[in-house]
Amino acid sequence: MDYVNILIHFFLCDSNLPTMTNENKIWTKCLEKLSESLTDKDMRLWITPLVVKEGDNEINLYAPNKFMKEEIESQFMSKISEVMGALSNEYSINLGVSSSQVNKKLKEQYPLDLKQT
């Protein structure tokens, strides 16, 4: 199962987490484009753990912890912004740290498989 399908399944199956709207799946399109230029390892370690909430003209990304947020800011935000800008100039992108409840749900549904690294 590819990363986009995992995220779509994750967001559609867990109503306690922020969800993407059905009308506008700009983040899904962004993930598809990012997966073309980033390594599978980068996608797995840094991009797919992000919790996403799409709002009117904004995409809110939530990292599981402060370290990850800082790494995403320094290593991947310019690429994310570039891809989002190519898809639509109507969205602002915000990056924050998610709550511990969301982190717990992520860990339960997607435990880290060290064999894949």
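The values are calculated or read from the model by the stated rules, or taken from the named source; none is laboratory data. No experiment lies behind these values; they were computed from the predicted model shown. Cβ: placed from backbone, ideal geometry, glycine included. Neighbour counts: every protein chain shown. Note: areas computed on protein heavy atoms with side chains; ligands, DNA, RNA excluded. Shrake-Rupley method; radii C 1.70, N 1.55, O 1.52, S 1.80 Å.
With a cut-off of 11 Å on the backbone N, no residue of the range 48-65 is near the modelled label site 7 Å out from Lys33 along Cα-Cβ.
Sorting Ser74, Ser98 on solvent-accessible area from highest to lowest, probe radius 1.4 Å, gives Ser74, Ser98.
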